[in-house]
Amino acid sequence: MVNININGVNLSVEEGTTLLEAAQFLGFPIPTLCHMEGLSPYGACRLCVVEIGEGPKARLVTSCTSRVEEGLRIRTASSRVMKARKMILELLLASCPQSKVIQDLASKFEVRRQRFRQEHEDCILCGLCVRMCEEQMMAKAIGFRGRGEKRSIGTPFDIRSEQCRLCGGCMYVCPACQLRCTYTEPDKAICGGCANIYPPCVEKEQFDDMMCYMDPCVACEIIKKIEIK
Amino acid sequence: MTPNTDISNLCSTCNYLATCVYRQGREGPIQYCEMFAEIIEGHDGSHGSLIAILEEIQAKYGYLPQEALKMVADKTGRSLVDIYGVATFYRAFSLKPRGKHLVSVCLGTACHVRGGPTIAAELERQLGIKSGETTPDKEFTFESVNCLGACALGPIVVVDGHYFSKVKTSMVKDILQKTRTGLDAVEIVTDKRIFPVEVSCARCNHSLMDHRHKIDGYPSIRVTASFGQQHGWLAISSLYGSYKTESEYEIPFKTTVHFFCPHCHAELIGATKCGECGAPMVPMIVRGGGIVQICSRKGCKGHILDLSGAMVY
């Protein structure tokens, strides 16, 4: 067992526990976009930063990837942490202003201004979908491509992957695009519209090399057309 | 090595298509061949070998064909996503077919202040393409790079691995012209290290010179060459320093060839092995004294010239 101190509360946790797990055990809220139980920690969104150490040695680390150490003092909501978090949220909001998850978080952390140009990226490269596809769905249909500002997530050669079973797991976990395709049921993360119309859109000719994940899903429009008729 | 046959109905990918042994009896393009499988089998299955495999495929095809990446995934047991991720991560890999010649101009800081952008603009103008594009005749691919590590020599233009330093806009035309004629071509007239030799068979001492068949404007050395099932004549340039050969049958790259004297039919083979590739050396007597030994492997430039005891004219 390892003794740590989170926000002044002493706690003894098992070795190998992440700071995020320890803080959540005590009920301290730490926002995160790229962490999910059952998926390996990745540390991409940087929202879960906490401050560790004392005095001049104090530093910010991502709590989802850092493990507990004996005698570690952790502050999950110090002014430095909050300042960093707000900046990260502002940047995330600039890249994906249409994401409801990010908008909600931003308002929760009182991000009141938008100093950066909006990019409308549809993706914050958190890698949740990539890990979901690989670790839970055992498919490895999508992955990271390119480098730097050209880095993106998708299938090889932008065609429908043979490994993809259209499970929708990637859309389900996505914090940026999950409400993009909700048709009439916004409370459901994925509409399943493409699978529910007849014939299913994946069997239609024009969907041959397409997957809803990648391209603008037009299932809603097809259903609308059918309903109008 | 430039294929001199019409390539339109051959393989669309491989650089060595004119000499490809797997093409025989096949019609239509083959996207990847047994040679390709050899590349993968030549590496162990370790994690780090992936980049080496991709580099070899890129060297052979000039780019990474979609089918090739799929085959790498199949053979190495890794997922296509990972391989595609690596292939798109590195600038050195290209997923689009490239031209025969790759022209890179450095636009790093040092080259930039020394006029790299004007060189790039001039190249773009003369080739008629933008950075990252390939000319319609598939001859040139032009790209800009960020630093080549030779900042003192800037601005730098690299064509197929040949560095041109302190380039001025007036030199661009020459560079492209030189690329078209072949960068490995040597200027015979000006280079004093290049001189014609006359050789004869080490066994029967008959002259091997063929005065009717001229290469580089000088009589060629004519021997009989044998490899695989093929057996025919081979003419070698007699210019020491020129590596031009002509042969009855196209000899595949890196093939070791057996040389025979056309007069006494003895095999021209010595005890020496090539210092560069390990293939047997072919000895020939130089008229005037001395022995020249050339490597028997196609494409290898290994040779030994021993003129000890030669008369100095």
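The values are calculated or read from the model by the stated rules, or taken from the named source; none is laboratory data. Values in this document were obtained by computation on a predicted structure and should not be read as measured data. Because the Cβ atoms are built from the backbone with ideal geometry, glycine has one as well, and the counts that use them run over all protein chains shown. All accessible areas refer to the heavy atoms of the entire protein, side chains included, with ligands and DNA or RNA removed. Shrake-Rupley method; radii C 1.70, N 1.55, O 1.52, S 1.80 Å.
Please go through the stretch B:103-123 and pick out each residue that is of a type outside the set (A, V, I, L, M) and open to solvent by 60 Å² or more (accessible area, probe 1.4 Å).
Answer for the stretch B:103-123, where residues must be of a type outside the set (A, V, I, L, M) and open to solvent by 60 Å² or more (accessible area, probe 1.4 Å): B:THR109, B:HIS112, B:ARG114, B:THR118.
Just a yes or no: is a residue in the stretch B:149-162 open to solvent by 30 Å² or more (accessible area, probe 1.4 Å) and assigned to a strand (DSSP E or B)?
yes
Looking at the stretch B:67-93, I want the residues that are more than 8 Å from chain A (Cβ to nearest Cβ) and have a partner that is assigned to a helix (DSSP H, G or I) and among the small types (Gly, Ala, Ser) with Cβ atoms under 7 Å, at least 6 apart or on another chain. Which pairs are those?
B:PHE93/B:ALA87
So, of the residues in the stretch A:54-109 that are without any contact (Cβ under 8 Å) to a residue 40 or more places away in the chain and among the basic types (Lys, Arg), which turns out to be farthest from A:LEU11 (Cα to Cα)?
Ranking the qualifying residues of the stretch A:54-109, first place goes to A:LYS86.
Conditions (1) touching a residue at least 12 places away in the same chain (Cβ under 8 Å); (2) assigned to a strand (DSSP E or B); (3) basic (Lys, Arg), marked per residue:
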position: B:THR224; (1), (2), (3): yes, yes, no
position: B:TRP233; (1), (2), (3): yes, yes, no
position: B:GLU246; (1), (2), (3): yes, yes, no
position: B:TYR249; (1), (2), (3): yes, no, no
position: B:LYS254; (1), (2), (3): yes, no, yes
position: B:HIS265; (1), (2), (3): yes, no, no
position: B:ILE269; (1), (2), (3): yes, no, no
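What number of residues within the stretch B:225-268 satisfy the criterion of being closer than 17 Å to B:ILE285 by Cβ, at pLDDT 80 or above and touching a Leu at 6+ places or on another chain (Cβ under 7 Å)?
Total meeting the criteria: 3.
Any idea which of A:ILE6, A:ILE52 is of a type in the set (A, V, I, L, M), touching a Phe, Trp or Tyr at 6+ places or on another chain (Cβ under 7 Å), in the same structural domain as A:ILE102 (by TED's automatic domain parsing) and open to solvent by less than 20 Å² (accessible area, probe 1.4 Å)?
Just one listed residue meets the conditions, A:ILE6.
If I go through the stretch A:67-83 residue by residue, how many of them are under 21 Å from the mean Cα position of the chain (by Cα) and surrounded by 20 or more Cβ atoms within 10 Å (Cβ to Cβ)?
1
State yes or no: is A:GLU134 within 30 Å of B:GLY77 (Cα to Cα), in the same structural domain as A:CYS170 (by TED's automatic domain parsing) and of a type in the set (D, E, K, R)?
yes
Select from the stretch A:142-162 the residues that are over 22 Å from A:HIS35 (Cβ atoms) and buried (at least 18 other Cβ atoms within 10 Å of the Cβ) and list them in ascending order.
Result: A:ARG145, A:GLY154, A:THR155, A:PRO156, A:ARG160, A:SER161.
Within the stretch A:105-118, can one find any residue that is within 14 Å of chain B (Cβ to nearest Cβ) and open to solvent by less than 70 Å² (accessible area, probe 1.4 Å)?
no
I'd like to check something: does the stretch B:177-184 contain any residue that is polar (S, T, N, Q) and open to solvent by 30 Å² or more (accessible area, probe 1.4 Å)?
Yes: one or more hits.
Is at least one residue of the stretch B:111-121 out of contact with any strand residue (DSSP E or B) (no Cβ under 9 Å at 6 or more places or on another chain) and either within 14 Å of chain A (Cβ to nearest Cβ) or among the polar types (S, T, N, Q) (or both)?
yes
Out of all the residues in the stretch B:139-150, is one or more modelled with pLDDT of 85 or more, in contact with a His (Cβ under 9 Å, 6 or more places away or on another chain) and within 26 Å of B:GLN177 (Cβ to Cβ)?
Scanning the stretch B:139-150, I find at least one residue that is modelled with pLDDT of 85 or more, in contact with a His (Cβ under 9 Å, 6 or more places away or on another chain) and within 26 Å of B:GLN177 (Cβ to Cβ), so the answer is yes.
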